[in-house]
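Working notes, beginning with the structure itself.
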Amino acid sequence: MNDQHVTVLTEPLGGSSLAHASLDGAAPEWFGRRPTTPSAWRARAEETGSTAPDGWLDRLRPALAASGAAAARLARVADGRGVVVTTGQQPGLFGGPVYTWSKAISALALADALEEATGIPVAPVFWAATDDSDLAEASTTWVSLNGGAEELRLGGLSSDMEGRAMAEVPLPDLSEQLATLRRAGGSVSNASPLELVESAYKAGVTVGDAYLMLLRGLLEPLGIAVLDASHPSVRTAARPLLVTALRRAQELERTLKDRTTEIERRGFVPQVPQVDGLSPVFVYEPEGRRRVPVTETESIAANGDAVLGPNVLLRPVMERAILPTVAYVAGPGELAYFAQVSAVADALDQPLPLAVPRWSALIIEPHVAGLLERYGLDPSDLADAHAPERALAEGLVPEGIRNAIAGLRAALETATRTLLELNETEDGELVPASVPPGAAAAMGHRLDRLERRYRAAVRRRERRAFTDLSTLRGALRPGGARQERALNLLPLLARHGRPLLDAMRQAARAHADALVGLASGANEGTKGGALATESSGGS
């Protein structure tokens, strides 16, 4: 590992057996066929661009509110019948964990690779799910500190905020959490990410608006537009499809039940459990959002003032209906539920959305690399909750030194006892020994002092070593979770600035090249790199 710069590694994405089926192309009838060559991607992009909704950018411009590089890239797509690569995430505290940003950079890298491979304009769009009501997801994040990780939590919210869209939930005072976030940044050379988060996360600003401001501040300069999912222009553009979904709710329920049965019959576990009697549409009311029961769908559909939104299975279909989305960059959990998304698309006579696996990152800072090297550890060793500590404890007092001290003590006792009993003269006569009074005790005290000093040194080393291990766990396995699923990126970004983003983008580009079939990344999927999987879930 480079001891001067931050290192960004590509990790296996993880996922359930159903996500593996998507990655392996084992069930194209559920997931569709993912293009694997530039020519196949070009054909898909041309088809997607030719069926793009007329005036989609003008309609959604208020929700995108793009500026700078992001706005320019969107304009090229709209002018040239191009397409977009999308990804998204619900709000997380201070931007959420690393994978929020790795998903965004994955979409950017795939857009770059597709544009290079096909010659068609491609723009990345991050779907900020500010209409989501998962307050628990939005309420926590972890930061890495010397000696471990600390969880930051959004507190001080009244109970009536449960069930409300994040676009409606006002932030409490977060000065204490922001101070810890800044402390986690240490002595930074690039304070702008922390300044941005402090300007975004102010008391009274909604959770959704703070998330949007932070995302746009960091992603738009990279060319990534951020769409506000709860913006009225999105709801207006999506309303025709949502009304259709309400009116076909019974058909959708039967179709999804059949797909669930099919998934289970083939030995998989559906990602989204079947809930009888509910449509895939939410209605937003003063008390919060709720799934519309099938028995109420007609009345809600007829109510022109009802504010509607999609559930998790309808959202990708809705997105494809309002955007020229050539591919959605998905985490393992999302890949798995696309097995059910296709059933929704078929029932609504809509194009099948295509999901591709996101890139998965592990970020190793120089001080973390140094600690791994010092203790002879690999990042994967930290997945075991106790093994590194056990190995460290066993190695703190080398066996050779323990044996040497014990040998010295035994030899001293033996020699002293012999001297006290005998002393052989030159002529062979045995006479009583003349050992100075207290000599044996003095030598024993010296040996005791040597042993105490060594034990003190070991205790100091032990304290340092276990603090170092806690630091490693805080950086690589915060809260016992994989780094990308828990650790907040902003302190790292404050310490390393643009080089960190550049390193992430470079690693994500290799993953994207493998997806598109470009030569530079063609071996990645076949050699178990970014497209490899393991048994864990995630976004």
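Computed about the Cα centre, the dipole magnitude for the chain is approximately 560 debye when only Lys and Arg (+1) and Asp and Glu (-1) carry charge, each at its Cβ. Against the chain, whose longest principal axis comes from its Cα atoms, helix 387-396 is set at around 20 degrees. Across the stretch 161-290, C-alpha contacts under 8 Å between residues 6 or more apart give a mean separation that, scaled by the residue count, equals a relative contact order of 26 percent.
For the stretch 1-74, the solvent-accessible area works out to 49 Å² per residue, with a probe of 1.4 Å and every protein chain left in place. Here the ratio of the Cα radius of gyration of the chain to 2.2 N^0.38 Å is 1.28. In a reduced charge model with +1 at each Lys and Arg Cβ and -1 at each Asp and Glu Cβ, the stretch 240-309 shows a dipole moment near 280 debye about its Cα centre. Distance between the modelled labels on Ala40 and Arg254, one decimal in nanometres: 3.4 nm (7 Å Cα→Cβ projection). Alpha-carbon geometry of the stretch 203-289: the Rg and the Dmax are 18.2, 50 Å, given in that order.
What percent antiparallel are the DSSP beta bridges of the stretch 270-413, to the nearest 5?
On the way: 9 of 12 bridges.
If we restrict to bridges inside the stretch 270-413, about 75 percent are antiparallel.
Measuring only protein heavy atoms, the 1.4 Å probe finds Met318 accessible over about 10 Å². Against the longest principal axis of the chain, how steep is helix 175-185, in degrees 0 to 90 to the nearest 10, with axes from Cα atoms? Its long axis makes an angle of about 60 degrees.
If I fit a long axis through the Cα atoms of helix 98-118 and take the longest principal axis of the Cα atoms of the chain, what angle between them do I get, 0 to 90°, rounded to 10? Once rounded, one gets 60 degrees.
Is it possible to state the helix-based mean residue ellipticity at 222 nm for the chain, with each DSSP H run of 4+ residues giving -39500 (n - 2.57), the sum divided by total residues, to the nearest 500 deg cm²/dmol? What is it? Don't jump to the answer; show the numbers that get you there.
Working: 22 runs with 277 residues, N = 539.
My calculation for the chain gives -16000 deg cm²/dmol from helical runs alone.
Put Arg61, Arg409, Arg73 in order of accessible area, largest first, 1.4 Å probe: what do you get? Write out the running numbers ahead of the final one.
Details: Arg61 120, Arg409 70, Arg73 25 Å².
The ordering from most to least exposed comes out as Arg61, Arg409, Arg73.
Measuring nothing but alpha carbons in the stretch 114-270 and taking Rh as the Kirkwood radius, the Rg to Rh ratio lands at 1.07. Which residue, chosen from Ala361, Pro332, Ala104, occupies the Cα position most advanced towards the positive end of the dipole of the chain, where the dipole is computed from +1 (Lys, Arg) and -1 (Asp, Glu) charges on Cβ about the Cα centre? It is Ala104, whose Cα lies furthest towards the positive end. Annotation: the antiparallel percentage among DSSP beta bridges lying fully within the chain is about 55. Relative to the globular-protein estimate of 2.2 N^0.38 Å, the Cα radius of gyration of the stretch 214-261 stands at 1.78.
The order of Arg266, Arg254 by accessible area, most exposed first and with a 1.4 Å probe, is Arg254, Arg266. Straightening the chain between Thr418 and Arg390 buys 5.9 nm, computed as 0.36 nm per residue apart minus the Cα-Cα spacing.
The apolar share of the surface of the chain, taken as the fraction of accessible area on carbon and sulfur atoms (1.4 Å probe, ligands and nucleic acids excluded), comes to 51 percent. The translational diffusion coefficient of the stretch 153-227, from Stokes-Einstein at 20 °C and 1.002 mPa s with a Kirkwood hydrodynamic radius over alpha carbon pairs, comes to 159 µm²/s. The relative contact order of the chain, computed from alpha carbon pairs under 8 Å that lie at least 6 residues apart in sequence, is 28 percent.
How high is the relative contact order of the stretch 277-410, in percent, with contacts defined as C-alpha pairs under 8 Å that are six or more residues apart? Intermediate results must be reported in sequence, preceding the final value.
Values: 113 pairs, mean separation 21.0, N = 134.
Result for the stretch 277-410 is 16 percent.
Over all projection directions, the Cα-based convex hull of the stretch 307-383 averages an area of 8.1 nm². 3J(HN,Hα) along the stretch 197-211: 5, 5, 6, 7, 9, 10, 4, x, 5, 6, 4, x, 5, 5, 4 Hz, from the Karplus curve 6.51 cos²θ - 1.76 cosθ + 1.60 with θ = phi - 60°, whole Hz, x for Gly and Pro.
The values are calculated or read from the model by the stated rules, or taken from the named source; none is laboratory data. All values derive from a computational prediction rather than experimental measurement. Here Cβ is always computed from backbone atoms with ideal geometry, including for glycine, and neighbour counts include all displayed protein chains. These area figures cover heavy atoms from the full protein model, side chains too; ligands, DNA and RNA do not enter into them. Shrake-Rupley method; radii C 1.70, N 1.55, O 1.52, S 1.80 Å.
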